[in-house]
Each structure stands twice: as C-alpha cells, then as structure tokens.
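Okay, here's the structure, questions in a sec.
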Amino acid sequence: MNTFKLFTFAFLLLVCNSQSIAQTATKTVWLDELDLSAATQGYGIPGKNKSLDGKAITIAGKTFERGFGTHAESSLLILLNGKASTFAAQVGIDDEIKGHEPAVEFKLVADGKNIWSSGIMRLGDAAKPCKVSLTGVQKLELVVTDGGNGNYYDHADWADARFEATGVTTFSTINPIPGIPYILTPPPSPLPKINSAAVFGVRPGSPFQFMVAATGDRPMKFSAKGLPKSLKIDAKTGLITGSISKSGTFNVALTATNAKGKATKNMRIVCGDKIALTPPMGWNSWNCFADQVSAEKVMRAADAMVKSGLVNHGWTYINIDDFWQNNRDSKDESIRGPFRDDVGNIIANSRFGDMKAVADYIHGLGLKAGLYSSPGPWTCGGCAGSYGYEKQDAQAYAGWGFDYLKYDWCSYGNVIDGLPDNDPYKVSSLSYKGGDELTTAIKPFQVMGDALKAQPRDIVYSLCQYGMSDVWKWGDAVGGSAWRTTNDITDTWTSVKNIALMQDPAAAWAKPGNWNDPDMLVLGTVGWGNPHPSKLRPDEQYLHFSLWCLFSSPLLIGCDMEKLDAFTLNLLSNDEVIAIDQDPLGKQATCLQTIGDVRVYVKELEDGSRAVGFCNFGLEIAELNYDDFSKLGIQGLTSVRDLWRQKDIASINSDKDALPLIIPAHGVVLYKFSPKK
Ligand code: GLA
C-alpha cells in the first residue's frame, strides 16, 4: 500500500468511527430547548423557563431555572423517533396562583399509552419527581389535565424537564391538528334567496322590527303577503316595521326579486308573550374589545356587519358589553366620572356619551342594539351596575331604544354576603354564603325581568350567571330569553371542548323563546383587548360553530368585525348550517352515541329531518362505516346532505345501509338526514 492509499484508509476509518460515535453518543436535550409553541393549553402562552405569568418557575417555595410553564388542559406532542432513552422532570402547580384552589394531574402518554401520572396535585404540594424510560418510543405527549375540578388557575410547571437523547441533538414538537384554513361554504348564488328565520315573535304593542335577510344580486325588491295591516315592508331594504296591537299568529309569504329571479319563503309572525323565538344572532364587543370598547368601535362593527354581507344571513344584534358606564377603579379618564345623575339616572362614560344616538345609528342600518349591566352595584369590570336602580335602568334602556340586555351576576354575591359595595369584583364569588340558594339566585334576575317586561318595547333578556343553580330550570320564569350555562369561553380547544361536553344536562329546557347559552363564538380576531387570530385550528372552528348551531345557542360573534378574513366570513355565512340553529322547532341537540372519541349529536328539526354532528374530540382522524341510524332516530329511506358543503351526498336505506365517514381530528361532519317521501 502506498502512502496515499494508507492515508485514505486511515481517514475513512476515522470518519466511520466518528459517525458511529455520533450515532450512539447521548446528550441531554432540555424540554425548554424545543419549540414549545406547538403546545395547546387552556389559557395563555407556553412559558419557556418561565411560569404561565412569565415569572420564575416556583413550586412549593422552590425555584427552578429551567422548564415549561403551562396551563391545564395542556398537551405537547414530541416526536422522539425512538431516539430518547429517558425523560425526567419535577412537576407541580406554580406558587404564583396563591389564594386559589387549582388541581391538576400531569401525565405522560407514549405512543398512545399512559406511562406515568403524578396523581392529583394541588397548590403547595412539593414538586413531584418524574423519571421514565422511553426506549423505542416514537411519540411522547406531555399532558396536564384539570384534575377534575375545572381548569381555573391551573398554572402547571414541568420544571427541570429533560431527555437523554441518543444520536440526535434535539426533537421536533408538533400540533397534530392541521393549521391551514380551508373553505367549505359555497359562495352565495346571484339569484335571490331568503335566509332569515321562519318564525319571529313580538309582544302586543311593541315596536316591530324584522329584516328579511336575503342573499343575491342587488338591487333586490321585497314584498310580503299576509302581513297584518299595521305592519309594512320597505320594498328596497326588506325591513318590516310597525306594531301589532293584539296577540295572534300571522302566516306571511315573503318574496325577494332581482334581475336574475325570484325567491319566496313562508314565515310565521307570532304576537304573544314570547320573543326570541329563534336564538338571537349578532355581535358582542367583549371578546375583542373588552374594556377598550367605545361608541365609535361599536358603530364601526355595525357598519361591518352590513358591508361584510353578514346581515344577509340573519346576523342582527350589535351588543355593547361591559365598560359603557363609568368605572370605579380605572386610571383611564375616559371612563371616569359620575355613575348616576342627581335623580339616579345611569350615565354613560365619555366614550359613549349619547346612548340613544348609538342605538339610533344601529337601527338606521336595519340592525338591533344590545346593552350590558349587572344586578349588583358593580359590573364584572367594576363599572356601575343596576343594584337598587333596576326599574330606572330598564326605562333608560327602553328609552334609548335598546333591544337586548345581558345581565351579569358579578358583585351581586357581595350584596348577599353583606360585603361592602366597593369590594373589588374579584370577590364577587360564583357561589355565595347567605340565604336559601335558589331564592337568592333567582331574585335579582326576577327584579330586572319584571322591569324589562314593563317597558313599551321588546328587550331580549340574557341572563349571565355562568349556569349556577341550574338556571335553565328557572330562567324562563324570570322572563329570561337566554342564559349562560358556563363560565367564560376563551379561544382554546380546551375551553371549547369542555363547554361543549357540559351542555347536555340543560338541553331539555331549550325551546322557542328560551335558549341555553354556552357563551360567545371565539372565531376570527379575538383577544379581549389584545387582538390575535383565534387559537382554534380550522377544524376546531368548524366543530365549534357546528356544535353551537346544534345546541340552538345564541350566536354572538366575538371578533373584530373590521378584521373578518375570508375563512371566518365563510364560516359565518353558511345558511344551511345557520338554519340548524334557527330551526323553528327550537330543540337542542344532545349526544346520542359515543364511538371512541367521536360523539354523535342529534337535533330534531321542524320538517321531520335530523341534523347530526359527528364530532371528533380525539387527536386522530376517525374513519367509520356508520350504520347505527336507529340510535339516532333515523329510519327507512333517507336522503343525506352535507351541510357545510351544501351538497346532497347519498340516498340510503338507513335500516340496512352504511355510510362511510371521515371525521378530521378535532373536527366535524355535519349532515342533515331527511326522510324520503
Ligand atoms: C363576565 C362575563 C363576560 C363579560 C365580562 C364583562 O366575565 O361572563 O361575558 O361580560 O363579565 O366584564
């Protein structure tokens, strides 16, 4: 061998050797070195070497330099590809949450199998060591559950968390739910199509306002046959106004005509005690603007409701949430000032000024206006509430021309518990100590309900007390049109999933005029003053909207209306999906079957059809050859329509045929099953 060959041989030997060393070398890979942004969590953003609140990670008095601070329910999926031998960490609840009662459970799931659990951990528990072997594991999921008591204040830390890795220097993390938006709703046809609800309720003598919502090329001409004489329709806009003096039902045939054709639709006007005969649809300021709301922002949202074309799909209410009144604590001068005048009339803050002008502006667009208050002395945000001024406030709202009131429990707990009026709203506990629970819970809502009913205009009354004391059982009796069944929603999968899963117990109480309210929609640009695109993935958004429609929920858009993107607009303008929510029978879907992670929600419709949501709450795509139709109340020859795609997809004999279903992870297949004549 000459010198050159000898040198080449030695070099190759060296390369091979160093490669095999690299393949077997072990290295510590810290969890905080991975991309934590792939984590999904119940609140906030993942903390890298920080707690959820951005502080040093601290568990039971011990501080840790490294780790992942998160919030239940949390999931982080790591692709190990068999290259990690161990995972070790110290886990616990972060001390930053003192004064609350969080509970969580940390879990490790390796390739779908639970391999470690911390057991339930509470605030003050010493950090629990976790060390597991991971030989051969491809995918590891770090999970934090809510410990069984809801996820309030569940700030959870994976402290000192690290892998021993072989032959690699890092690992990838993934969010297994695809993130690319895709459009399902076909664009509206240029031909006229009437989309507004087929039933509308009004009280005798109240001002009547109903917009015939229709898609199709403009100009369009509207007419209505069978209207009571005291009502008239504006041929150009489709707005029906007037008032009906006596109770009764009127069957009306609506027509919309444009250059391309003509559409008709029958509707029932029911003049009686009940209003909101279908769930209210509109927008509310809270989920985007929170304490930053102003008259200007509200009026711009109303403009956008019209300009975006959403008004043509039945979206109607423009609701102002908290912070139109003056505030007790804020340093912002624009919301400081007297709460009431000398004779006790509520005063709007300087961002709003003339409330009648705001309501008039909204009405001028053919829309309706909503407002917010609390039965306690203070709203949840510390603005002036209605306690002691209920009648006067109801008169003010009616006088200004408002059509909707959200009435929010906050600080009423203090009234019962005898706490001082100026106690911060945070003390306005969801529970309260004094009195007989039910009487105490009902009373403040009855007082405002009576005051609203005494007004010469119809005001939709929306109770907001987070579902306490089974509100669905007595909400109707106090005049409520809708009532919240849950705590506040956020734009996370956990929040939407948990709210969805808790709706069934109240379902039987939903009916025309009375709706369970699982809180507002978290689609589009939301953020409670810190605007960002909803953290829900596209499939999660389809599931969220489909379920809220199946639930006959009030549909209140919570996003910045001026930032509607094509995907969100498409999601909010599917008339066949909206029609499920607005069905005049007014039933609420319940889950009739569970197959693995798939829950099958069924809603009966007025025409004898059934809307069925095959909802996949799992992380994997579900493929089913579905044939259990009798469980869903579906029999015989049936046509099947895909509502999101607005397409007939099959005609089946449901007694013997099967239907292939592919349901995206965290997604939905929403079909309407109609008996064939
Ligand atoms: C509570 C309600 C929210 C919102 C805020 C306003 O949290 O549940 O929907 O109205 O108060 O402060």
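Would you mind checking which residues have amide H under 5 Å from residue 43's amide H? H placed 1.01 Å from N; only 5 or more apart, or other chain.
For residue 43, the qualifying residues are 71.
Find the lysine pairs in the stretch 193-271 meeting two conditions, Cα atoms under 16 Å apart and a separation of 8 or more places or different chains, and report how many there are.
Lysine pairs satisfying the spacing and distance rule in the stretch 193-271 number 15.
Over the chain, what relative contact order in percent results from Cα pairs under 8 Å that are six or more residues apart?
With pairs under 8 Å counted, the relative contact order is 10 percent.
Another question, then. Kindly write out, for the stretch 471-481 in residue order, the coupling ³J(HN,Hα) from the Karplus curve 6.51 cos²θ - 1.76 cosθ + 1.60 (θ = phi - 60°), rounded to whole Hz, with x marking Gly and Pro.
Each residue of the stretch 471-481 in turn: 3, 4, 7, 10, x, 5, 4, 9, x, x, 8 Hz.
Considering every pair of different Cα atoms, what Kirkwood radius, in Å, is found for the chain?
Taking every pair of different Cα atoms in the chain, averaging 1/r and inverting gives 27.4 Å.
Still on this structure, please answer the following. Largest first, please: the extent of the C-alpha atoms of the stretch 35-75 along each principal axis, to the nearest Å.
Its Cα atoms span 27, 18, 14 Å along the three principal axes.
Please list, in chain and number order, the residues 5+ apart from residue 282 or on another chain whose amide H is under 5 Å from its amide H, with Hs placed from the backbone.
316, 317, 555, 556, 557
Please report the relative contact order for the stretch 25-174, taking Cα pairs under 8 Å with a sequence separation of at least 6, and give it as a percent rounded to a whole number.
Relative CO of the stretch 25-174 lands at 37 percent.
Shifting gears a bit: Note the full-extension length gain between residue 563 and residue 470 as 0.36 nm times their separation in residues minus their Cα-Cα distance, in nm to one decimal.
29.8 nm
I'd like the projected area of the stretch 252-388, averaged over all directions, using the convex hull of its alpha carbons. Report it in nm² with one decimal.
10.9 nm²
As a quick test, which of the pairs 274/603; 331/406; 27/83 have an alpha carbon distance above 18 angstrom in this structure?
274/603; 331/406
So, one more: Let me see the pair-distance distribution of the stretch 281-588: every alpha carbon pair, 10 Å bin width, integer percents in order.
Binned Cα distances yield the sequence 6, 29, 38, 23, 4, 0.
Sticking with this structure for a sec: Using the crude model of +1 on Lys and Arg Cβ and -1 on Asp and Glu Cβ, and no other charge, please compute the dipole size for the stretch 84-202 relative to its Cα centre, in debye to 20.
With only Lys, Arg, Asp and Glu charged at Cβ, the dipole is about 480 debye.
Any chance you could run the full-extension gain for residue 53 through residue 245? It's 0.36 nm times the residue separation minus the Cα-Cα distance, nm to one decimal.
Extra length available between residue 53 and residue 245 comes to 63.4 nm.
Out of all DSSP beta bridges with both ends in the stretch 193-271, state the antiparallel percent to the nearest 5.
Antiparallel bridges make up about 85 percent of those DSSP assigns within the stretch 193-271.
Given the stretch 281-588, what percent of its DSSP beta bridges are antiparallel, to the nearest 5?
25 percent
Please state, rounded to one decimal and in Å, the Kirkwood hydrodynamic radius that the stretch 591-675 gives when every pair of distinct Cα atoms enters the mean of 1/r.
12.8 Å
Now a separate question. List the relative contact order of the stretch 128-231 as a percent without decimals, with contacts defined as Cα pairs under 8 Å and 6+ residues apart.
Dividing the mean separation by the residue count of the stretch 128-231 yields 20 percent.
With all protein chains present, how much of the accessible area of the chain (probe radius 1.4 Å) comes from carbon and sulfur, to the nearest whole percent?
Looking at the chain in its full context, I get 54 percent from C and S.
With every protein chain in place, what's the accessible area of residue 183 (1.4 Å probe, Å², nearest 10)?
90 Å²
Taking the simple approach of a point 7 Å from Cα along Cα-to-Cβ for both residue 357 and residue 234, what is their distance in nm?
Taking the two extended label points, one gets 2.1 nm.
Find how many whole Å separate the alpha carbon centroid of the stretch 331-353 from the alpha carbon centroid of the stretch 475-491.
That distance is 27 Å.
Still on this model: May I ask you to rank 393, 342, 291 by accessible area, largest first, using a 1.4 Å probe over the protein chains only?
So, going from the largest accessible area down, we get 342, 291, 393.
Multiply the residue separation of residue 508 and residue 180 by 0.36 nm, subtract the distance between their alpha-carbon atoms, and state the gained length in nm to one decimal.
Full-extension gain reported as 114.4 nm.
Top to bottom by accessible area (1.4 Å), largest first, where do 351, 66 land?
66, 351
Once every DSSP H run of n ≥ 4 in the chain is given -39500 (n - 2.57) and the sum is divided by its residues, what mean residue ellipticity at 222 nm do you get, rounded to the nearest 500 deg cm²/dmol?
Helices in the chain give a 222 nm mean residue ellipticity of -5000 deg cm²/dmol.
Charges only on Cβ, +1 for Lys and Arg, -1 for Asp and Glu: so what's the dipole of the chain about the Cα centre, in debye to the nearest 20?
The calculation lands at about 1940 debye.
Once the Cα atoms of the stretch 36-132 are picked out, what are the Rg and Dmax in Å?
13.3, 42
Right, another one. Once amide H atoms are built 1.01 Å from N in the peptide plane, which residues 5 or more positions from residue 622, or in another chain, come under 5 Å H to H?
663, 665
I would also like to ask the following. At residue 262 and residue 392, where each label point lies 7 Å from the Cα along Cα→Cβ, what is the point-to-point distance in nanometres?
Roughly 5.6 nm, to one decimal.
Can you tally the net charge around residue 72? Count Lys and Arg as +1, Asp and Glu as -1, for every other residue whose Cβ sits under 10 Å from the Cβ of residue 72.
The answer is -4.
Right, next: Would you be so kind as to identify which of 135, 158, 68 lies farthest towards the positive end of the dipole of the stretch 25-174, taking Lys and Arg as +1 and Asp and Glu as -1 on Cβ and the Cα centre as origin?
Positive-end residue among those listed: 135.
Okay, next question. With θ set to phi - 60°, apply the Karplus curve 6.51 cos²θ - 1.76 cosθ + 1.60 along the stretch 281-292 and write out the HN-Hα couplings as whole Hz, x wherever there is a Gly or Pro.
Values per residue, Gly and Pro as x: 10, x, 9, 9, 6, 5, 5, 10, 9, 6, 7, 9 Hz.
The values are calculated or read from the model by the stated rules, or taken from the named source; none is laboratory data. A quick note: this is a predicted structure, and the numbers were derived from the prediction, not measured. Reconstructed Cβ throughout: ideal geometry from the backbone, glycine too, with neighbour counts over all protein chains shown. Accessible surface areas use protein heavy atoms only, side chains included; no ligands, DNA or RNA. Shrake-Rupley method; radii C 1.70, N 1.55, O 1.52, S 1.80 Å.
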